[in-house]
Amino acid sequence: MATDLGKIELTFCGHAAFAIKTPGGKQIIIDPFLTDNPKCPEQLRRPKHVDALFLTHAHGDHLGDAIKLAAQFDATCVAIVELATWLGSKGVKHTVGMNKGGSTSIAGVKATMTHALHSSGLQDGDQIVYGGEAAGYVMEFENGFKIYHSGDTAVCSDMKIIGELYKPDIALLPIGDFYTMDPRQGAYAIRLLGVKTVVPMHYGTFPVLTGTPEKLRELTSDISDLQIVDLKPGETLTGALRRLAAV
Ligand code: NI
Ligand code: MN
């Protein structure tokens, strides 16, 4: 399992939002909850460029600025088919509406949509409409490095399959509790995945998200070679797990 991202720059924007610069220089954002994200640093709220947006599900703390950014940069939105269709109805010009198990190549990234154990109702005006199901992504970059963003999820046995089939080099996992896994489930997920580098997410944003990286570390202290990289919002991970401070 690789511990060198090479030229990939993985920037934590707070909550479940990550901006990734690919080895080919493309800019992607997963779950672009930026403007209204209390943890997103000011300088990351207005990205300079976006080539593709990946959405794990339709909840507001993940959908975020997707429609606005897609229009601003003519960026493609990747989402489960029902959510992608809804985005199209809201004026998003380029969508990739896929489903679990499927893969697509965009911006030099081969992304496979994975199962997540969560809901995905879509707030449309004052109604909640069907937004498809919640999902995650395994993303393989040009240099062979693989990042798994689980989306919001409870621990689920599919993580064993994801670990065996794709062998992700880094997993971005929610640990906040209440809406997703807590550290106890996160620790179990790490064992199912067999992953050796983990970036915790979806904690501390709101008072109910009480899980902490410290607790996750405590519950996984027996796993050899495991690195829990608790990126602070604005920090970037690149190269051989080198942390770059927020700019
Ligand atoms: Ni959610
Ligand atoms: Mn969420």
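Please enumerate the residues belonging to the range 138-164 that are touching a residue at least 60 places away in the same chain (Cβ under 8 Å) and more than 17 Å from the chain's Cα centre (by Cα).
Across the range 138-164, the qualifying residues are Glu142, Asn143, Gly144.
Identify all residues within the range 112-137 that are farther than 13 Å from Ala84 by Cα, under 15 Å from the mean Cα position of the chain (by Cα) and not in a strand (DSSP E or B); write none if there are none.
The answer is Ala116, Leu117, His118.
Could you check the range 37-52 and list, in sequence order, the residues that are touching a helix residue (DSSP H, G or I) at 6+ places or on another chain (Cβ under 8 Å) and within 16 Å of ligand 2 (Cβ to nearest atom)?
Asn37
Checking Ser120 against (1) at pLDDT below 95; (2) open to solvent by less than 30 Å² (accessible area, probe 1.4 Å), only one condition comes out false. Which one?
Only one criterion is unmet by Ser120, namely (1).
Could you pull out the residue among Lys68, Lys100 that is open to solvent by 30 Å² or more (accessible area, probe 1.4 Å) and either in contact with a strand residue (DSSP E or B) (Cβ under 9 Å, 6 or more places away or on another chain) or of a type in the set (S, T, N, Q) (or both)?
Lys100
Being surrounded by 23 or more Cβ atoms within 10 Å (Cβ to Cβ) and touching a Leu at 6+ places or on another chain (Cβ under 6 Å) is the filter here, so list the residues in the range 133-150 that pass it.
Selection gives His149, Ser150.
From the list Thr95, Thr114, which residue is modelled with pLDDT of 95 or more and open to solvent by 30 Å² or more (accessible area, probe 1.4 Å)?
Exactly one of Thr95, Thr114 is modelled with pLDDT of 95 or more and open to solvent by 30 Å² or more (accessible area, probe 1.4 Å), namely Thr95.
Could you tell me whether Leu87 is at pLDDT 95 or above and either open to solvent by 10 Å² or more (accessible area, probe 1.4 Å) or within 16 Å of ligand 1 (Cβ to nearest atom) (or both)?
Considered against the rule, which asks whether it is at pLDDT 95 or above and either open to solvent by 10 Å² or more (accessible area, probe 1.4 Å) or within 16 Å of ligand 1 (Cβ to nearest atom) (or both), Leu87 comes out as no.
When you go through Gly14, Gly24 one by one, which is the residue that is within 16 Å of ligand 1 (Cβ to nearest atom), touching a residue at least 60 places away in the same chain (Cβ under 8 Å) and in a loop (DSSP other than H, G, I, E, B)?
That would be Gly14, the only listed residue that is within 16 Å of ligand 1 (Cβ to nearest atom), touching a residue at least 60 places away in the same chain (Cβ under 8 Å) and in a loop (DSSP other than H, G, I, E, B).
For the list (1) at pLDDT 95 or above; (2) within 16 Å of His62 (Cα to Cα), I need the number of the one condition that Val138 fails.
With respect to (1) at pLDDT 95 or above; (2) within 16 Å of His62 (Cα to Cα), Val138 is out only on (2).
When the residues of the range 165-184 are narrowed to those that are within 16 Å of ligand 1 (Cβ to nearest atom) and buried (at least 24 other Cβ atoms within 10 Å of the Cβ), which ends up nearest to the chain's Cα centre (by Cα)?
Here the answer is Leu172.
Give the range 200-247 a look and list any residue that's touching a residue at least 60 places away in the same chain (Cβ under 8 Å), open to solvent by 30 Å² or more (accessible area, probe 1.4 Å) and closer than 18 Å to Tyr188 by Cα, or say none.
Gln227
The values are calculated or read from the model by the stated rules, or taken from the named source; none is laboratory data. Quantities reported herein were computed from a predicted structural model and do not represent experimental measurements. Don't worry about glycine lacking a Cβ; one is built from the backbone with ideal geometry, like all the others, and counts go over all protein chains shown. Keep in mind that these areas ignore ligands, DNA and RNA; they rest on the heavy atoms of the full protein, side chains included. Shrake-Rupley method; radii C 1.70, N 1.55, O 1.52, S 1.80 Å.
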